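First the structure, in the form of structure tokens, and then the observations on it.
The values are calculated or read from the model by the stated rules, or taken from the named source; none is laboratory data. Everything numeric in this text was worked out from a predicted model, so none of it was measured. Here the Cβ positions follow ideal geometry from the backbone for every residue, glycine too, while neighbour counts run over all protein chains shown.
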Amino acid sequence: MMEKHPIELQIEKADTAIVQEDFDTLMSIYSEDALLVVKPGMNATGKVQIRKAFEAIAAHFNHTLQVEQAGMKILEAGDTALVLAKTVVSASNMPATERRATYVFTKSSDGDWLCQIDNSYGHELLLHENV
């Protein structure tokens, strides 16, 4: 079996942390100035805002949010990687929904891959443009 890419391991760690509401672990996966697409038209920037967003998301989904990956492609160039993923999100108040997520990871000076941009909505953002 092929060894998993370090980014795939980070995303698995993030998914588990989201489900368990382990926000300390979750924040360790993000860069300091990371951007999270909370929903189309609403972003959170930096670890403080991102943590608050995930706390609100957990409450919105009655603390039953489930997140898993159903496929992933990692395109790596130097210290940057683009991740294309099929992410399945579900909760007690939401049927399982497959999102075609896009994530950008950057390699830190100590060699850890950190999430720079977390866009679980992927190209769907283009459908919500008000311009």
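Going through the stretch 101-131 one residue at a time, which ones are more than 19 Å from residue 84 (Cα to Cα) and of a type in the set (Val, Ile, Thr)?
The answer is 131, and nothing else.
Residues are listed down the side, and each one gets a yes or a no for (1) of a type in the set (S, T, N, Q); (2) more than 12 Å from the chain's Cα centre (by Cα); (3) closer than 16 Å to residue 106 by Cα:
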| site | (1), (2), (3) |
| --- | --- |
| 17 | no, no, no |
| 22 | no, yes, no |
| 40 | no, yes, no |
| 49 | yes, yes, no |
| 52 | no, yes, no |
| 65 | no, yes, no |
| 69 | yes, no, no |
| 74 | no, yes, yes |
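Which condition does residue 59 not pass, out of (1) surrounded by 14 or more Cβ atoms within 10 Å (Cβ to Cβ); (2) within 19 Å of residue 44 (Cβ to Cβ), if it passes all the others?
It fails just one condition, (1).
Filtering the stretch 76-104 down to residues that are touching a residue at least 40 places away in the same chain (Cβ under 8 Å) and touching a Phe, Trp or Tyr at 6+ places or on another chain (Cβ under 8 Å), which residue is farthest from residue 123 (Cα to Cα)?
Filtering first and then ranking leaves 81.
Select the helices (runs of 4 or more DSSP H) contained entirely in the stretch 1-75, then report the ones holding at least 2 residues which are within 16 Å of residue 113 (Cα to Cα), in contact (Cβ under 8 Å) with a residue 24 or more places away in the chain and in contact with a helix residue (DSSP H, G or I) (Cβ under 9 Å, 6 or more places away or on another chain).
Details: elements: 6-20, 23-27, 46-60.
Ranges flagged: 23-27.
Quick one: count up the residues across the stretch 96-131 that are among the charged types (D, E, K, R), closer than 19 Å to residue 69 by Cβ and exposed (fewer than 14 other Cβ atoms within 10 Å of the Cβ). Even if it seems obvious, please write down each step before you answer.
We begin by selecting, within the stretch 96-131, every residue among the charged types (D, E, K, R); these are 98-100, 107, 110, 112, 118, 124, 129.
Checking the rest, the ones that are also closer than 19 Å to residue 69 by Cβ come to 98-100, 118, 124.
Narrowing the set further to residues that are exposed (fewer than 14 other Cβ atoms within 10 Å of the Cβ) leaves 98.
Qualifying residue count for the region: 1.
Looking at the stretch 120-130, is at least one residue assigned to a helix (DSSP H, G or I), small (Gly, Ala, Ser) and either without any contact (Cβ under 8 Å) to a residue 60 or more places away in the chain or under 18 Å from residue 5 (Cα atoms) (or both)? Spell out how you get there, then give the answer.
Of the residues in the stretch 120-130, the ones assigned to a helix (DSSP H, G or I) are 122-128.
Going one step further and asking which of them are small (Gly, Ala, Ser), we end up with 122.
So of that shortlist, the ones also either without any contact (Cβ under 8 Å) to a residue 60 or more places away in the chain or under 18 Å from residue 5 (Cα atoms) (or both) come out as 122.
Within the stretch 120-130, one or more residues are assigned to a helix (DSSP H, G or I), small (Gly, Ala, Ser) and either without any contact (Cβ under 8 Å) to a residue 60 or more places away in the chain or under 18 Å from residue 5 (Cα atoms) (or both).
Quick test for you: out of 17, 70, 34, 58, pick the one residue that is touching a strand residue (DSSP E or B) at 6+ places or on another chain (Cβ under 9 Å) and either closer than 22 Å to residue 94 by Cα or modelled with pLDDT under 95 (or both). Don't jump to the end; show me each part of the working.
Working: 17 fails: touching a strand residue (DSSP E or B) at 6+ places or on another chain (Cβ under 9 Å); 34 fails: either closer than 22 Å to residue 94 by Cα or modelled with pLDDT under 95 (or both); 58 fails: touching a strand residue (DSSP E or B) at 6+ places or on another chain (Cβ under 9 Å).
When all the criteria are applied, what remains is 70.
Which one of the conditions (1) under 22 Å from residue 5 (Cα atoms); (2) among the acidic types (Asp, Glu); (3) part of a strand (DSSP E or B) does residue 110 fail to meet, given that it meets all the rest?
(3)
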